[in-house]
Amino acid sequence: MGFRPISKFRYAELTIFGCLLFVSMLSAQSSLPIIVDTDAGPDDMIALAYLLSSRDARIEAITVVHGVAHVSEGSRNVRRLLNLAGKPEIPVFEGEERPLRGLRPFPADWRALADKLPGVALPESGDTRSAERAVSYLKRRLKDRTHPVRILALGPLTHLAIVLSDVPGGIKTIDRLVVMGGAVSVPGNLSVGNPEKAANEVAEWNIYADPHAAAAVFKVPVTTLLVSLDATMRVPITRPFVEDFQRRNLIPLGRVVAQLLESSLPLIDTHTYFAWDPLAAAVLLDSSIVTAKPAALNVVTGGRDVGRTKLVRWNSGSKLRVAVDADPARFRTSFERAFTK
């Protein structure tokens, strides 16, 4: 068959069709349901409020893991937040209360504050917790390969390590995994505001709390974006940020976020408070907020540097990408838009 040149009109039609197809694919991906695996700390609650307020997010379920809050109290606070958001039907599954090995708890004072959330007005929800445990739910859900899902992991990776070990085929159900954790080219945060003695200066809390789980998850071939301290430190939360946010015409979830930020002012005033979990939530919806590079990582599981996310090499073939920078203005715009009337 001879070559037939394409007319400029036909070329334009094909170009437009290709653009529409690309936009349609992006839209389909962004509309996928979300499972949030959280340890229900104050910044987790802010991240959840952000997703609940965003039109581009559809939370399918929330699983609560050990971490800043105790599992039972954290689950209760999450259900109260869902009640305020008018979405009490979203199931909340309580999960593991210990890491895979050992015990590296967050400071007791932090846990008490996360459990009680003083100064934060949330309605009671009644005892609507699911009888099914988080790991059981996640195993059952990831076996359903006909319905892909996005996962946002905001706490220690205990649940995912167990589930992906027992259901390795579950990776085919995960469209992408966004993890808040790690410190690759920057210091860790174990000492930041820590009333107890920090274990080291190289680990980040979520990874430190269960390093064996993180080591296992990072070896799984699933598309993963690690929102590490390398990126979150680019998005500081300051007193002017909080005061400007409080002056806005906020929706009810926004007012709760303002209260959560208000309760964190003592730490914010030390200039060591960053948009940890909220940045990860924003990146789940818009990955262009960060700059990420494929990388091969090892997690140190013992010794002085336990919990360190150690760079092996920047590896263009890896399915794990590390966020190494972030656009604070773009984050702020997305964050404020979600909570403003």
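Taken over segment 43-89, the criterion of being in contact with a Lys or Arg (Cβ under 9 Å, 6 or more places away or on another chain), assigned to a loop (DSSP other than H, G, I, E, B) and either of a type in the set (Phe, Trp, Tyr) or without any contact (Cβ under 8 Å) to a residue 60 or more places away in the chain (or both) is satisfied by Ala69, His70, Pro88. One residue stands out among those in segment 52-74 that are touching a Phe, Trp or Tyr at 6+ places or on another chain (Cβ under 8 Å) and buried (at least 24 other Cβ atoms within 10 Å of the Cβ): the one that is farthest from Glu132 (Cα to Cα), which is Val68. Kindly indicate whether any position in segment 189-210 is in contact (Cβ under 8 Å) with a residue 60 or more places away in the chain, outside any loop (DSSP other than H, G, I, E, B) and hydroxyl-bearing (Ser, Thr, Tyr). Checked against the condition, which is being in contact (Cβ under 8 Å) with a residue 60 or more places away in the chain, outside any loop (DSSP other than H, G, I, E, B) and hydroxyl-bearing (Ser, Thr, Tyr), segment 189-210 yields at least one hit. For segment 168-175, the count of residues that are in contact with a helix residue (DSSP H, G or I) (Cβ under 6 Å, 6 or more places away or on another chain), modelled with pLDDT of 95 or more and more than 19 Å from Val68 (Cβ to Cβ) is at least one. Selection of segment 290-322 for residues being over 18 Å from Val220 (Cα atoms) and either in contact with a strand residue (DSSP E or B) (Cβ under 6 Å, 6 or more places away or on another chain) or hydroxyl-bearing (Ser, Thr, Tyr) (or both) yields Val290, Thr291, Ala292. Which members of segment 187-236 meet the condition of being closer than 11 Å to Val306 by Cβ and among the acidic types (Asp, Glu)? If the condition is that a residue be closer than 11 Å to Val306 by Cβ and among the acidic types (Asp, Glu), then Asp210 is the only one that fits. Strands (runs of 3 or more DSSP E) fully within segment 296-341 that include at least 3 residues being of a type in the set (A, V, I, L, M, F, W, C) and in contact (Cβ under 8 Å) with a residue 60 or more places away in the chain: 320-326. Which residues, counting only those in segment 267-293, are outside any helix (DSSP H, G or I), in contact with a Leu (Cβ under 7 Å, 6 or more places away or on another chain) and within 23 Å of Arg176 (Cβ to Cβ)? Of everything in segment 267-293, just one residue is outside any helix (DSSP H, G or I), in contact with a Leu (Cβ under 7 Å, 6 or more places away or on another chain) and within 23 Å of Arg176 (Cβ to Cβ), namely Ala292. One residue alone among Gly302, Gly307 is on the phi > 0 side of the Ramachandran plot and either touching a Gly at 6+ places or on another chain (Cβ under 9 Å) or at pLDDT 95 or above (or both), and that residue is Gly307. State which residue is surrounded by the fewest Cβ atoms within 10 Å (Cβ to Cβ) when the search covers only segment 275-309 and only residues that are among the charged types (D, E, K, R) and more than 16 Å from the chain's Cα centre (by Cα). This residue is Arg304. Contact map, segment 101-115: first residue in contact (Cβ under 8 Å) with a residue 60 or more places away in the chain, second residue of a type in the set (A, V, I, L, M, F, W, C) and outside any loop (DSSP other than H, G, I, E, B), Cβ cut-off under 6 Å, separation 6 or more or different chains; pairs are Arg104/Ala209.
The values are calculated or read from the model by the stated rules, or taken from the named source; none is laboratory data. All of these numbers come straight from a predicted model, not from anything done at the bench. All Cβ positions, even for glycine, are placed from backbone atoms using ideal geometry, and neighbour counts span all protein chains on display.
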